[in-house]
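Bear in mind that the values in this text are calculations on the coordinates, not laboratory data. Because the structure is predicted, anything quoted here is derived from the model rather than measured. Cβ: placed from backbone, ideal geometry, glycine included. Neighbour counts: every protein chain shown.
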Amino acid sequence: MASQTQPQLTPQVPTQGHLGAGWYTPLSLHLYDLWVLNISGRFAWRCPTVSVLEPFFNANIGAHHLDVGVGTGYFPALASKDATKLKTLTLVDLNPNTLQTAAGRITRPERIHCVVADALSPLPLLQEDGTAKRFDSISLMYLIHCLPGPATSKAHVLANMKGHLVEGGILFGATVLGSSDSRVKHNWFGKTLLWVYNRVGIFDNYEDNEADFVKVLEANFEEVEVFLVSCVLMFRVRNPICIKTSDDEATEHPGTRYFVRVSHEEVSVSHPDAVRKLLLAPLRKGPWYKITALPNDTFEAPMAELDPKRKVEMSKIVAAGYSLTNLLKSEFYIDNVIALLVQQLEFAGSPRKPVQLDRWFGYIAFDVIGEVTFSQSFGFLRTGTDIGGSISNARALMAYISVAGFFQSLHRLTLRNPILYNWGLMPRQHIFDTTLRAIKAHEDNPYARNDMMSIWGAQHEKTPEKLNHWKGGLLGGSKENAIPSSLCERNLANAHPKSFWFATNSTGGRPKFWRHHFKEGTMLCVNPWVIHRSKEIFGDDANEFNPERWLGPNSKGLENYFIPFGVGYNSCPGRNLAILEGSKAIATLVRDLDIQKVDPEQEWKCKAYFLAVPYGWSVFIKSRKEPEPEEEF
């Protein structure tokens, strides 16, 4: 006789409604196999144990198995007869009687680990290093219909189990459905048992139905298979996913947990291959991007186009204006804007007055766009004010589009409503009005520079059918350049933009990514904030300020994962302008100004919507220039 361990008692977390566990006494367990697995299973639920449940169990059990809700241990006992089948076996149940009965009938493996625990609470199954013990397979045979509450409450058992599966492991089981499922036809015997069992507390499954249960399974696992055999739902699932959501997803991607579900049909991916397989692949974008067509979707914009081929075609039309060669023609005027920024900061900070530095970065972003686009600035730096509330409105609009993009029908009734545009009531109306006036002035100016508007205007004359709303290219730059210094300074890891780049599977079938299968239509997104903090990519100091990482032998490889502007066909078209403007502005400010925080202990505050925009940079500013000596007479 092989030796088995006695059931290991562990502290319990009380769970209301576990009345069924108390019915399993030594006497009732002697009748369990006959009554539950033979009579009621065959004649009430019409799911034969020998011909259906036994083959199902044996086909899915792995070498290292966890059985939860063991009953009499009937199924693992049968599987243990095959000496090659089981290597380790762990039994979990709330009732010590069932564990003793099961351990007494199982001859293999030699050592059985028995644990008294509540399946609705985290299991006390830990390894020596404190991490969760993992298994090749986990079975929940005839357990879930005994658990209290609706399907949403019973989902806790799945959440507790999935952390104990190895990669590629299987969780499987069977449960009796209630009378609320229209597909389940209970006979008189089944109806009688269902009423009695629910009345006395052995079952709690009157409202259990296939649709709710499948929804719970799909919320916790990527691969879900279900089989309905009369009144019994059999299920088999693989590839657990996390259902937690956090503002900082970097904390949700520890170690090798590369997939985080952020909503029912969206999964955030942090695997290093995500950049190549998702962002660089010609996958159709998610519908959220439709909201970036400003002021409304009658203005076609490349960023709002979901089809990758059409997006590339639209981007090519305006690409010449964003080229570095063209931008360098305006470098002299960009330098003038930066010089004006330095002058205004010196004036605003003298004598030793606190300056909100983040506001001035917004001002220079708008004015540089004005210079390179239609040869004149908007006047933000000159006046030192947020003209027309354009920047504050842009931040409010950022919060709006981050949410409204998922509710397009609501958007049609609000900012997408053409009445608002026709009446001039758009949140950024000042920028639209200023842009249209600047376009008109540019068209009337025979001495205008060969700026972006000139290039796009020439393109419009050549192919008017392709560039029917070419003004749209002028209106998106401020959003993409509002914090150019944060974007281009790769050493400032905490200033990386927090944004999602969505992609959906546009082909048939179930797409596979890093051995995980996703059902068709699932949105897979890559968060640059998380990628930039991946210790697997950037090393153990990924969260620390370390400029030297870009000077090492692996710096070229790191470039492939540095994606503050996105990558592939959906990358930011204004990145050349942002890098040019930001690098020159930062170098000039560091050279000419001594900048100190008003409160040395204060950390940057940040509003993270579509972009992570820092604010509250209260600083003291002093010029580094030596005063000119006075002349002697």
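For the range 313-367, the extents of the C-alpha atoms along the principal axes are 52, 21, 11 Å, listed from largest to smallest.
Over the range 564-614, the Kirkwood radius and the radius of gyration, each from Cα atoms, give a ratio Rg/Rh of 1.08.
For the range 133-182, taking the reciprocal of the average inverse distance between every pair of different Cα atoms yields a Kirkwood hydrodynamic radius of 11.9 Å. Put the Cα centre of the range 371-410 next to the Cα centre of the range 62-97 and the gap is 62 Å.
Could you sort the peptides 330-336, 591-597, 64-70, 96-102 by per-residue average Cβ neighbour count (10 Å cutoff), highest mean leading?
64-70, 96-102, 330-336, 591-597
Taking other C-beta atoms within 10 Å as the exposure proxy, 328, 381 rank 328, 381 from fewest upward. Of the Cα atoms belonging to the range 325-399, the radius of gyration and Dmax stand at 13.2, 41 Å.
For the range 357-423, compute Rh as the Kirkwood radius over C-alpha pairs and then the Stokes-Einstein diffusion coefficient at 37 °C and 0.692 mPa s; write the answer in µm²/s, rounded to an integer. Translational D for this selection: 239 µm²/s.
For the range 26-240, treating each Cα as an identical point scatterer without solvent, what Debye log10 I(q)/I(0) comes out at q = 0.09 1/Å? The computed values of log10 I(q)/I(0) come out as -0.32. Annotated for the range 26-240: lysine pairs at least 8 residues apart or interchain, Cα distance under 23 Å, count 12. Each of 161, 234 was scored by other Cβ atoms within 10 Å of its Cβ. Listed from fewest to most, they are 234, 161. By the beta-carbon count within 10 Å of each Cβ, the least crowded to most crowded order of 154, 133, fewest first, is 133, 154.
Of the peptides 312-322, 536-546, the order by per-residue mean of other Cβ atoms within 10 Å, starting with the highest, comes out as 312-322, 536-546.
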